[in-house]
Amino acid sequence: MITKKNISNIFLIFLSFHLVVWTLVPALSNVNLPLDTIEALAWGSDLDWGFNKHPPLSAFAVEIFYQIFGNQDWAYYFLSQIFVIIAFVVVYKFSEEIFDNKNLALLSVLLLEGIYFYNFTTPEFNVNVAQLPFWALTVYYTWRCIKYDKATDYVFLGLFVGLGILSKYLFIYLIIGVKLVFFYFFYFFKRGIKFSHYFIAGPITLLIILPHLIWLTENNYITITYGLLRTGGVGNFIDHLVYPIIFLAKQIGLLIPFLLMSFLLIKKIKTKINLKDKKLVFLLLTTIAPIFFMLLTSMIMGAKIRTMWMTPFYLFFGVLLIYVFQKNIVINKLKKFFLIFTFLFLLYPISYFSVSLLNDSKRTDYPGQEIARLVQDKWDKNFVNEIKIVVGDEWYAGNLSYHLISRPAWINELKDKTSQINSSQGVIYTGNPEILEKICPGVYGTIKPVGYCMIGQK
């Protein structure tokens, strides 16, 4: 049972088990890395300040790990869990300040195991996971700015907001919540915050994202265009009604385990909502407001909100729920809660492992390493130089970039880089085998369903 003496140990054990389990389970059950991780690695092989789909932070993160660990799959599952664990630690630290109670802080984090965004989906390191620590840190330092009004806290706030934007543009929804927090405390509570401090964060954020903004202008805002296309909004009136309803239904469904744990934690579902409560208002604006504005976007634009986009939005749901119902929680009577927590903690990795083994038609069953070996063998029989460039989509060409020994740079389309490429550089084109075979000026081969055209130095 939780006591003041063992609270820190319990939290440390929880973090350690989470880290180890969600690193080992996918590493042992998957043949290949997931799509989004391969995609990030493809971008990382030819680093830039932005890519065709997203800003660059996820690519920078995986490339750092590649330079350390190479093409060891477990390293990228480990990387993903590091991002998750940092977010958990920040949520815990924030909860301590909100409650001044380590027991409640621990429960705030344990509740997150009831949300599959923080376990089942985390092996796939992507832009959604990349947001997690910066989302948590932004909320935490917003609170510190409001509470302590220290210039250093505004510096950190600007830093983490900038890194959050470089993770994914949807971070803007948290920024809206943060702006509302400052507005609320400035004008309703007359909080004595120095305006000189308030204007520290903005320039720091701008400085951090400036290289990406320059890249955007030079590349015709390609990532923004991609994001708009991904929403699927077509201007049909029915979309403005159906997509928000689907969005809400999916989110409620995903939160069922979390809600079940919550009901076991709370003895009475009765409370009083006081909108003059500063802590409650802060939690509502940083937790509920971003979700509300996401829903509003779907309603106004008729946009389809992808389920996984909501990954960081629920980080502080546990804190909010416990804060609202804290008077109805009896710390010494949590046996049922810990039973269901243990059950879910074990169920998710077992389910993941089972799905991985029983379903052999997933992306993670793609024989990327074996295909790279076959391609390398054919290359070595025909050319004397190394493979420096692979051309094609993020999946097929990206897998080659990751698995080949020479770590060739991935390029989606040659475009203006065509003139820079010659046979001495070593290029492999991937794509439709029927098309490649007709136009290939080099050595052609196919490993279904993909064709390979190799141009190298004989």
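The values are calculated or read from the model by the stated rules, or taken from the named source; none is laboratory data. Just so you know, these numbers come straight off a predicted model, no measurement behind them. Don't worry about glycine lacking a Cβ; one is built from the backbone with ideal geometry, like all the others, and counts go over all protein chains shown.
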Among the candidates Y154, Y148, Y116, Y141, residue that is within 27 Å of I38 (Cα to Cα) and among the aromatic types (F, W, Y): Y116
Residues being part of a helix (DSSP H, G or I) and free of Cβ contacts under 8 Å to residues at least 12 places away in the same chain - total across region 96-135: 1
Selection from region 163-174 of residues that are buried (at least 19 other Cβ atoms within 10 Å of the Cβ) and without any contact (Cβ under 8 Å) to a residue 40 or more places away in the chain: G164
Flag if Q326 is in the same structural domain as L132 (by TED's automatic domain parsing), of a type outside the set (A, V, I, L, M) and modelled with pLDDT of 90 or more: no
Hits in region 31-73 (condition: buried (at least 22 other Cβ atoms within 10 Å of the Cβ), aromatic (F, W, Y) and under 14 Å from Y402 (Cα atoms)): W43
Condition met for I340 (under 30 Å from L260 (Cα atoms), touching a Pro at 6+ places or on another chain (Cβ under 9 Å) and not charged (D, E, K, R)): yes
Verdict on L320 being in a loop (DSSP other than H, G, I, E, B) and more than 20 Å from the chain's Cα centre (by Cα): no
Answer from S361, S354 - the residue that is hydroxyl-bearing (S, T, Y), over 30 Å from V242 (Cβ atoms) and surrounded by fewer than 17 Cβ atoms within 10 Å (Cβ to Cβ): S354
Residue among I273, I256 that is under 26 Å from I340 (Cα atoms) and in the same structural domain as L132 (by TED's automatic domain parsing): I256
Residues of region 382-392 classified as more than 13 Å from Y452 (Cβ to Cβ) and not hydrophobic (A, V, I, L, M, F, W, C), total: 3
Among the residues listed as F317, F292, the single one being crowded, with 20+ Cβ neighbours inside 10 Å, of a type outside the set (S, T, Y) and assigned by TED's automatic domain parsing to the domain that holds H54: F317
Every pair of residues 6+ apart whose Cβ atoms lie under 6 Å, when the first sits in region 140-162 and is farther than 12 Å from Y198 by Cα while the second is modelled with pLDDT under 95 and not in a helix (DSSP H, G or I): none
Checking S298 against (1) more than 28 Å from T342 (Cα to Cα); (2) in contact with a helix residue (DSSP H, G or I) (Cβ under 6 Å, 6 or more places away or on another chain); (3) modelled with pLDDT under 90; (4) surrounded by fewer than 20 Cβ atoms within 10 Å (Cβ to Cβ), the condition it does not meet: (4)
Residue ID - surrounded by the most Cβ atoms within 10 Å (Cβ to Cβ), chosen from residues in region 371-408 that are in a helix (DSSP H, G or I) and charged (D, E, K, R): K378
Failed item, numbered, when I214 is tested on (1) within 27 Å of V127 (Cα to Cα); (2) among the hydrophobic types (A, V, I, L, M, F, W, C); (3) surrounded by 15 or more Cβ atoms within 10 Å (Cβ to Cβ): (3)
